[in-house]
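Trainee: Please see the structure below; I have some questions.
The values are calculated or read from the model by the stated rules, or taken from the named source; none is laboratory data. Since the model is a prediction, treat every value here as computed from it, not as a measurement. Because the Cβ atoms are built from the backbone with ideal geometry, glycine has one as well, and the counts that use them run over all protein chains shown. When the accessible area is computed, the model is the full protein with side chains, heavy atoms only, and any ligands, DNA or RNA have been set aside. Shrake-Rupley method; radii C 1.70, N 1.55, O 1.52, S 1.80 Å.
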Amino acid sequence: MHHDRTVEYNTLDSFRGMRVQKGIGCLENLNILAVVDAHCSGANLIKELEKLRQLRWLTISKLTKENERALCVSIQIMNHLERLNLVSISTDEILELQSILSPPPFLYHVVLRSRLQSFPSWITKLQKLSTLGLNNTRLIEDPLNNLKGLPNLEYLWFRASI
């Protein structure tokens, strides 16, 4: 049977993450953490992420409204983060993702696969952002107005759920 990888990649189910056990925070020099299941890992994951300040690449799947605020706090202190991929638990889950007041300065790649309450204002502060993917956001306002001031944005894609 032939599998269309594009379709698989675009569904939320294609981001089946691993459950993270308590204690991953001891890997303080970890650079890449992908793909982690926020729903299965629960509060342990969010608390442990605060200790992983050397992360350069973070992908989290099955994100819920209940754990997004704590995640945003952790992301703010990841000063080396370059790539961020966030995937909600379902196409019906609406995330805010507004709690990042001071985003990581080296973030150049952001992909959000979730319905969004509104466009995350912190994205407009990402001077190094070159890649932005907004999948299944169902934004009411036009996000292009928020992207005018991003001098390095080269790749932008919008995708509806399949």
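Trainee: In the range 70-90, which residue that is polar (S, T, N, Q) and out of contact with any Lys or Arg (no Cβ under 7 Å at 6 or more places or on another chain) is farthest from GLU28 (Cα to Cα)?
Mentor: Here the residue is SER90.
Trainee: Checking ARG138 against (1) touching a Lys or Arg at 6+ places or on another chain (Cβ under 7 Å); (2) open to solvent by 60 Å² or more (accessible area, probe 1.4 Å); (3) closer than 25 Å to ASN31 by Cα, which test does it fail?
Mentor: (3)
Trainee: Could you tell me which residue of the range 1-49 is surrounded by the fewest Cβ atoms within 10 Å (Cβ to Cβ), considering only residues that are aliphatic (A, V, I, L, M) and modelled with pLDDT under 75?
Mentor: Filtering the range 1-49 down to residues aliphatic (A, V, I, L, M) leaves 1, 7, 12, 18, 20, 24, 27, 30, 32-36, 38, 43, 45-46, 49.
From what is left, the residues that are modelled with pLDDT under 75 are 1, 7, 12, 18, 20, 43.
Working: MET1: 2, VAL7: 10, LEU12: 20, MET18: 13, VAL20: 21, ALA43: 12.
Only one residue tops the list, namely MET1.
Trainee: Ok, one more. Test ARG115 against the stated conditions and say whether it is in contact with a Lys or Arg (Cβ under 7 Å, 6 or more places away or on another chain), among the basic types (Lys, Arg) and open to solvent by less than 70 Å² (accessible area, probe 1.4 Å). Step through it out loud before you land on a result.
Mentor: Working: in contact with a Lys or Arg (Cβ under 7 Å, 6 or more places away or on another chain): yes; among the basic types (Lys, Arg): yes; open to solvent by less than 70 Å² (accessible area, probe 1.4 Å): yes.
Criteria met by ARG115.
Trainee: Return yes or no: is GLU96 touching a residue at least 12 places away in the same chain (Cβ under 8 Å) and of a type outside the set (Gly, Ala, Ser)?
Mentor: Details: touching a residue at least 12 places away in the same chain (Cβ under 8 Å): yes; of a type outside the set (Gly, Ala, Ser): yes.
For GLU96, the condition - touching a residue at least 12 places away in the same chain (Cβ under 8 Å) and of a type outside the set (Gly, Ala, Ser) - is met.
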